[in-house]
1. Rounded to the nearest 20 Debye, what is the dipole magnitude of the chain about its Cα centre when Lys and Arg each give +1 and Asp and Glu each give -1 at the C-beta?
2. For Ala181, which sequence-distant residues (separation of 5 or more, or a different chain) have an amide H within less than 5 Å of its own amide H, given hydrogens modelled in the peptide plane?
3. Give me the net charge of Leu14's neighbourhood, meaning all other residues with Cβ under 12 Å from the Cβ of Leu14; Lys, Arg count +1, Asp, Glu -1.
4. Which of the residue pairs Lys344/Lys416; Lys139/Lys332; Lys110/Lys267 have a Cα-Cα distance greater than 24 Å in the structure shown?
5. Would any residue of the range 239-256 have its amide N under 17 Å from a label point 7 Å out along Cα→Cβ of Glu219? List them or say none.
6. What's the magnitude of the charge dipole for the range 5-61 around its Cα centre, counting Lys and Arg as +1 and Asp and Glu as -1 at the beta-carbon? Answer in Debye, nearest 20.
7. In the chain, if the dipole is taken from +1 on Lys/Arg beta carbons and -1 on Asp/Glu beta carbons about the Cα centre, which of Gly32, His102, Phe400 is farthest to the positive end?
8. Among all the lysines, which ones have a C-alpha under 21 Å from Lys2's C-alpha, if same-chain residues fewer than 8 places away are not counted?
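The values are calculated or read from the model by the stated rules, or taken from the named source; none is laboratory data. None of these values were measured; they are calculated from a predicted model. Quick reminder, even Gly has a Cβ in these numbers, built from the backbone with ideal geometry, and neighbours come from all protein chains shown. For the accessible areas, the whole protein counts, side chains as well, though only heavy atoms, and no ligand, DNA or RNA atoms are used. Shrake-Rupley method; radii C 1.70, N 1.55, O 1.52, S 1.80 Å.
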Amino acid sequence: MKTKNSERLFEESLKRIPGGVNSPVRAFGAVGRTPLFIDHAKGSHITDVDGNRFLDYVGSWGPGILGHAHPAVVEAVQRACVDGLTYGAPTKKELQLAEMIHEAMPTIEKVRLVSSGTEAVMSAIRVARGYTGRDLIIKFKGNYHGHSDGLLVKAGSAALTTAVPDSKGVPASYTQNTLVALYNNPDSVKGLMEAYPGQVAAIVVEPVAANMGVVPPEEGFLAFLREITRAYGTVLIFDEVITGFRLGYGGAQQYYGVEPDLTTLGKIVGGGMPMAAYGGRAKIMDQVSPVGPVYQAGTLSGNPVATTAGIATLEILRAHPEYYGEMERKGKQLAEAFRERSRKRGEAIWVNQVGSLLSAFFTAGPVRDYGSATSSDTGAYARYFGQMLENGVYVAPSQFEAMFVSVAHTDEEIQKTCRLLAGDGD
């Protein structure tokens, strides 16, 4: 595999861009390689600047549920561009997308469009605080909700402690109102709620954790969160930036049958364009300016090109509910191939798979939380990554990211990947 052009571009990028990349995981540091610079993509494949073509299971980290450059989406976006890229004024498309979001997730009675998942979660938490008049929030160790200061935290020396900043440049005062619980551990949540009665504005959770690798909620965990938040008058926020429109057209809340008060969306909702959303119960969302006292604004929010891409993508998904069963079936096939690899090679591999999301952890497992996820052998993952790349398959350059199956992945391509995963193709 030739990488001369990617290596040259990376060296040049280092001079002008921190780390040579615009998002840390793209640097390939976790797998000890130089990042590939992508030239173009179509369907289930991406092609780099050296002409290497890869079967892609990253899908731009989730938006590519239809595959890359779906003709109907591209055509719609091209038509929209002719009319202008952004107006800074209301458009009919914003209302159309809002209605589609509500149709898919009835808990989202009102919605505000924004430009990134980070912005969506940051805004949802501000609304929850404004609605409840409380300051504290609870997040879960290993759940990622963007890089806003109040959420970029990790747990302290014990589960029931105030979080400390997880990044330089974040003052401790910014995170003093963020408490950290343990994912899939109801007792850690109950302990915090009892320790701070009447003080917790919101619990924010990835209903399926996908940023410490894929870690599904254990049976009853999400229902417990719904029950305890109601008991304490706390807002329950589902961060569905990844799971929204992916586990099903109605997202994780439909998949698991648990209704949050607020939901954040991203990735698929923008059809691959930079767009996200937050929304929920009307009585909570009516706190948002200009109706209420909680301020949030954005010049490019709901711009006509991004809304066009989102509408076109959701229209296709809505018209083809069978896509979800097909992607889940293919996800199960890939998961079983990892298990076959473990049996044949004697490798310690644990696989978590939910719908079209999956992760293989190089550990004996089971993986149910941050501690068990981080027990994975990252060196073994790096070797696996290299093996896949050399055989024309592009997977996440980090142990702690998801593998995404798309509509564009054919049965033949899935079987080819399965043979490679099982050790029959290297």
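1. Values: 41 positive and 44 negative charges, 109 e Å.
Charge dipole of the chain: 520 debye, to the nearest 20.
2. Lys139, Phe140, Lys141
3. Values: positive: Arg8, Lys15, Arg16; negative: Glu7, Glu11, Glu12.
The answer is 0.
4. On the way: Lys344/Lys416 17 Å; Lys139/Lys332 30 Å; Lys110/Lys267 19 Å.
Among Lys344/Lys416; Lys139/Lys332; Lys110/Lys267, the Cα-Cα distance tops 24 Å for Lys139/Lys332.
5. Answer for the range 239-256: 256.
6. Details: 7 positive and 7 negative charges, 25 e Å.
The dipole of the range 5-61 has a size of about 120 debye.
7. Gly32
8. By straight Cα distance, Lys2 reaches Lys42.
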